[in-house]
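The values are calculated or read from the model by the stated rules, or taken from the named source; none is laboratory data. Quantities reported herein were computed from a predicted structural model and do not represent experimental measurements. Backbone-built Cβ (ideal geometry, glycine too); neighbour counts: all protein chains shown.
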Amino acid sequence: MKSFSTLMGKQTLLPIIQADNVEQGLNIAKAMAAAGIGLVEVVLRTPASLDILKAIKQELPDLKVGAGTVLDANVLKQALDAGSDFIITPAISSQLLTDLAQCTVPVLPGVSNTADILLAKEFGYQELKLFPASLSGGAPFLKAMGSVFKGISFCPTGGVKQSNQDEYLALSNVFAVGGTWIAEPKWVELGQWSKITDACRTAQGLN
């Protein structure tokens, strides 16, 4: 199976889509794709999330779309049935990692401390999401982990923004950063889709 970073390719930004309805979700995804984004995460935090994921896959077939906020076997099944290209969790447990072991798509488990990292490592994971990054020690924590957990790399999300993303990306054990700053709720509410495109381009160093 492909690793999550292989699926991302050269993309170092994991853009997160959170929307209240399908139309919003599609417009956000189109605005991101217009900035050259090839992979997005739809967080399963609203009732419309799974429908949004399906709609993006149908309308933008070249875009890789995965599900975030997967917490248990039931949500995992729903996400996979919706066609998720990958799975991301905000946290882990032995039970969830056991359920994820049956997954046929790349998985990025969420960790927030050394015990989590060790547990995920014991289940064979070498790529992890640090969440919430800013509240879990941020870049200094990840730098310290580099010498303890050799071979483990991270995608920090939660509190990551344009002003601090380079601090994370400068670390040898960080392969990408994730965030919602490239799709501000206000822009979504006002339908300012070009601002999302611009923010995604800036985040990738294209502006």
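Here are the numbers for this structure:
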item	result
Pairs with Cβ under 6 Å, 6+ apart, first in the stretch 93-106 and under 14 Å from residue 77 (Cβ atoms) and assigned to a helix (DSSP H, G or I), second at pLDDT 95 or above and among the small types (Gly, Ala, Ser)	99/73
In the stretch 3-17, the residues that are surrounded by 13 or more Cβ atoms within 10 Å (Cβ to Cβ) and out of contact with any Pro (no Cβ under 7 Å at 6 or more places or on another chain)	5, 8, 11, 12, 13, 14, 15, 16, 17
Checking residue 76 against (1) more than 28 Å from residue 206 (Cβ to Cβ); (2) assigned to a loop (DSSP other than H, G, I, E, B); (3) of a type outside the set (D, E, K, R), the condition it does not meet	(2)
Filter pass, residue 156 being free of Cβ contacts under 8 Å to residues at least 24 places away in the same chain and within 20 Å of residue 45 (Cα to Cα)	no
Within the stretch 1-67, helices (runs of 4 or more DSSP H) holding 2 or more residues that are touching a helix residue (DSSP H, G or I) at 6+ places or on another chain (Cβ under 8 Å) and not β-branched (Val, Ile, Thr)	22-33, 49-59
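Results for (1) modelled with pLDDT of 95 or more; (2) farther than 19 Å from residue 128 by Cα; (3) surrounded by fewer than 19 Cβ atoms within 10 Å (Cβ to Cβ); (4) out of contact with any Gly (no Cβ under 6 Å at 6 or more places or on another chain), shown as yes or no for each residue.
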site	(1), (2), (3), (4)
1	no, no, yes, yes
19	yes, yes, no, no
23	yes, yes, yes, yes
37	yes, yes, no, yes
48	yes, yes, yes, yes
61	yes, yes, yes, yes
72	yes, no, yes, yes
